[in-house]
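The next block holds one structure in the form of structure tokens; read it before the comments.
The values are calculated or read from the model by the stated rules, or taken from the named source; none is laboratory data. Because the structure is predicted, anything quoted here is derived from the model rather than measured. Glycine gets a Cβ as well: all are built from the backbone with ideal geometry, and neighbour counts include every protein chain shown. Note: accessible area is taken over every heavy atom of the protein model, side chains too, but ligands, DNA and RNA are not part of it. Shrake-Rupley method; radii C 1.70, N 1.55, O 1.52, S 1.80 Å.
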Amino acid sequence: MARTVVIGAGMGAMAAAARLAVAGHRVTVYERAGTHGGAVRRLERDGFGFDTGPGLLYLPAVWRDLFVKTGREPLEECVALTEVDPAVRHVFADGTSVRLPGGSRAGTVDALDAAIGAGAGERWSELLGRGRRTWEATRRPLLEEPLTAAGDRAPLGRDPYPAPRRGLLRRRAPFLSEIARSELRDPRLVALLESHALAHGLDPRRTPASAAVLPYLEQTFGTWYVGGGMRALADAVYERCLARGVEFRFGTAVSGITVEGGRATGVELADGRRAEADAVVCGIDPRPMYGGRASAADGGPGYATGRLTVLLALRGARPEGTVHRTVVHTGGPGGTTRVVTVLRPGDPALVPDAEHESAVLSVTVPPHRAGAAGPPAGRTGGEDGGAVDWTAPGAAERAAD
């Protein structure tokens, strides 16, 4: 029985811990926070409940597989899952509005043709067909096979999005914003595609074209809601870990990974102690574990984004026919797109009674960096997309307003 340390108690880390425990390992999870779930949190106040992280579930098959492989209770016996239909309502900057059905290619084509014009649905469908090729190239190495040192990583070494031809030559796969403009042409379709990247904290101008797989997955496998909010799924995964003998040490930060002879031999804790291990699974960005920096937000490499979330406790019953998710597109500086996502789940478990409603508004914003300039009035970030000191007096409040 190998001693295995898992750093972090987020969703992916807990999933790994449960699978390792079932495989016969003795697993200990170290989490610096006081609870499990990572970004999947809930805030409760005065009878209202809010998901403060992601509010919807995509690819439920991943979680179904986890629950089947780690115990006798399937996912649907642990949480209530409901497919959201219509999947989303988009409201574009020019006032155009379209409701897209869940899991229906033909329905999506018809809806886009009716809202934007003949041919819009087919252009969108053709782009998602190219997104499907990305899914087929990456599904097995990313989701179904162990990514070992000796394994074939070639499928992950290049962007699998089929790059457009220019004459006899096939040019490099461009960024998402480039294919949006060249292949969709209509600014509303461009905004539709870019909103999927923005929803995942990605900048379409710096995101590979293969991110077109995101709307493909949503259209193909649907959008799902977990009864009681996504925190219910985090609780179910945590309970599954406990049932399989996983130990959790909350309020215990890991400061580094110890390496001897080219292999991990344990972890160093922030209080100076050391925990020995035969293997270490890093469920967080590993760079700080080796003395590096995690992201642009704290001076490290790469590009990071933040998310501003506004939680609304509303008087009045939820109007009949209200769409669960609405995405509102607005223009941003330099021709960029900003989107505000509005979630109105209509879940009785999240409100004190039928005469109230809870809603969550969220928007992608620049990352936090202490000492950076605050956002100007009426903006959710700097004009250049740079970092913002969100702890500066009034910074978050101005952006929320």
Worksheet item: Taking all protein chains as present, what is the carbon and sulfur share of the accessible area of the range 1-103, in % to the nearest whole number, probe 1.4 Å?
Response: 49 percent
Response to the item:
In whole angstrom, the spacing between the Cα centers of the range 109-139 and the range 175-221 equals 11 Å
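Please give the peptides 311-317, 3-9, 62-68, 196-202 ranked by average Cβ packing (other Cβ atoms within 10 Å per residue), highest first, as a rough proxy for protection. Working shown, then result.
On the way: 311-317: 12.9, 3-9: 23.3, 62-68: 16.9, 196-202: 19.6.
Sorting 311-317, 3-9, 62-68, 196-202 by mean packing, highest first, produces 3-9, 196-202, 62-68, 311-317.
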Worksheet item: Measuring from label point to label point, each 7 Å out along Cα→Cβ, what is the Arg3 to Thr35 span in nm?
Response: 3.1 nm
Worksheet, complete the sentence: Contour minus Cα-Cα span, Val68 to Phe250, at 0.36 nm per residue, comes to 62.8 nm
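Please express the shape of the range 1-157 as an equivalent ellipsoid: the semi-axes are the square roots of 5 times the eigenvalues of the C-alpha gyration tensor, given largest first in whole angstrom. Don't skip to the end; give the middle numbers.
On the way: eigenvalues 264, 116, 42 Å².
Square roots of five times the eigenvalues give 36, 24, 15 Å.
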Worksheet, complete the sentence: Between Glu145 and Arg287, the FRET efficiency computed from the C-beta separation at R0 = 30 Å comes out, to the nearest 0.05, as 0.75
Response to the item:
Between the modelled labels at Ala279 and Glu320 (7 Å from Cα along Cα→Cβ) the distance in nm is 5.6 nm
Worksheet item: For the chain, what does the alpha-carbon gyration tensor say about shape, rounded, prolate or oblate, given a ≥ b ≥ c as the root eigenvalues, a/c under 1.5 as rounded, and a/b over b/c as prolate?
Response: rounded
Worksheet item: Any idea what the dipole of the range 1-85 comes to, in debye rounded to 20, about its Cα centre with Lys/Arg Cβ at +1 and Asp/Glu Cβ at -1?
Response: 600 debye
Response to the item:
per DSSP, antiparallel bridges as share of beta bridges in the chain, % nearest 5, sits at 70 percent
Worksheet, complete the sentence: The extension gain from Ala114 to Leu242, computed as 0.36 nm times the residue separation minus the Cα-Cα distance, is 41.0 nm
Item to complete: Find which of Leu128, Val342, Ala16 sits farthest along the positive direction of the dipole of the chain, computed with +1 on the beta-carbon of Lys and Arg, -1 on that of Asp and Glu, about the Cα centre.
Response: Leu128
